[in-house]
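A short reminder: the numbers here are calculations on the coordinates, not readings from a lab. The model shown is predicted, which means the values in this text are computed figures rather than measured ones. Note that each Cβ is placed from the backbone with ideal geometry, even for glycine, and that neighbours are counted across all protein chains shown.
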Ligand SMILES: Nc1ncnc2c1ncn2[C@@H]1O[C@H](COP(=O)(O)OP(=O)(O)OP(=O)(O)O)[C@@H](O)[C@H]1O
Ligand SMILES: [Mg+2]
């Protein structure tokens, strides 16, 4: 459902992502983890069709994001790390505006828009201007807007940032439910407990290069720390100077 082949991204002469190869299956929740500056948001923006890759091919829901950008985007729900919202609109106006961009009919919008507002507990605030929303409410509105058109693939950068514990739990459950209904979710997060709870598989990226890929158990085996929590595996695979050439770590983690 997502296929990244030989993807490299340069900003000027700086290589942010190097020769990335990943395949994400339909109905999978895939976690993309890595330290600050590793290249996660860069990869997410390429997947969402907002940044062209310097090299390589990226296919989302069977559509090449460079050659068929509109088709790829119409199959995708994208939730950026910092939501971009028109603050002088009300929540309901923003939902209607977003739905129309995806070509939804008024009837579909009435049904789906209200359903999403209700799910994200925004109905009570739907007629208030977005500028008065809290950080978490803005995040929930951005999620609601991105799910309106029933996308096959959801690409989400740091979904849990700004959500309270109940909101975060609801979103974790939502991702699992969507995956069970066949939707593919590609997410980045620094919350390793979230990754462990919702992701079927995950990749760890470090300095723009894939450091590990697999289930938690597979990553643990690769980090030679079977049974360790994901935090220890993550640190073993990403801490400076701790990895051998083949990506395994033996020291450097207390
Ligand atoms: N527009 C840009 N121009 C130049 N360099 C950039 C640009 N965007 C990102 N970078 C650089 O590319 C690298 C990867 O950045 P990216 O935002 O993808 O990291 P990230 O993994 O999302 O990090 P974080 O966990 O902090 O969100 C960083 O070194 C960053 O400084
Ligand atoms: Mg980022």
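In region 8-24, how many are within 16 Å of ligand 2 (Cβ to nearest atom) and closer than 23 Å to residue 68 by Cβ?
3
Identify all residues within region 20-59 that are on the phi > 0 side of the Ramachandran plot and either under 15 Å from the mean Cα position of the chain (by Cα) or within 15 Å of ligand 1 (Cβ to nearest atom) (or both); write none if there are none.
27, 34, 37, 39, 49
Give region 116-131 a look and list any residue that's surrounded by fewer than 18 Cβ atoms within 10 Å (Cβ to Cβ), in a helix (DSSP H, G or I) and in contact with a helix residue (DSSP H, G or I) (Cβ under 8 Å, 6 or more places away or on another chain), or say none.
119, 123
Check 140, 169, 176 and return the single one that is crowded, with 21+ Cβ neighbours inside 10 Å, assigned to a helix (DSSP H, G or I) and away from ligand 2 (no atom under 16 Å from the Cβ).
Answer to the selection: 140.
Within the bounds of region 212-231, is there any residue that is within 16 Å of ligand 2 (Cβ to nearest atom) and either crowded, with 21+ Cβ neighbours inside 10 Å or not in a helix (DSSP H, G or I) (or both)?
Checked region 212-231: no residue is within 16 Å of ligand 2 (Cβ to nearest atom) and either crowded, with 21+ Cβ neighbours inside 10 Å or not in a helix (DSSP H, G or I) (or both).
Output the strands (runs of 3 or more DSSP E) that fall wholly within region 25-101 and possess 1 or more residues being within 16 Å of ligand 2 (Cβ to nearest atom), or say none.
29-33, 76-79
Of 97, 14, 32, 10, which residue is within 13 Å of residue 208 (Cα to Cα) and free of Cβ contacts under 8 Å to residues at least 24 places away in the same chain?
It is 14.
For residue 113, all conditions in the list (1) out of contact with any helix residue (DSSP H, G or I) (no Cβ under 8 Å at 6 or more places or on another chain); (2) away from ligand 2 (no atom under 16 Å from the Cβ); (3) without any contact (Cβ under 8 Å) to a residue 60 or more places away in the chain hold save one; what is the number of the exception?
Failed condition: (1).
Provide a single number: the residues in region 154-166 that are away from ligand 1 (no atom under 16 Å from the Cβ) and crowded, with 22+ Cβ neighbours inside 10 Å.
Going through region 154-166 one residue at a time, the tally reaches 1.
Hey, does region 97-107 have a residue that's more than 16 Å from ligand 1 (Cβ to nearest atom) and in contact with a strand residue (DSSP E or B) (Cβ under 8 Å, 6 or more places away or on another chain)?
No.
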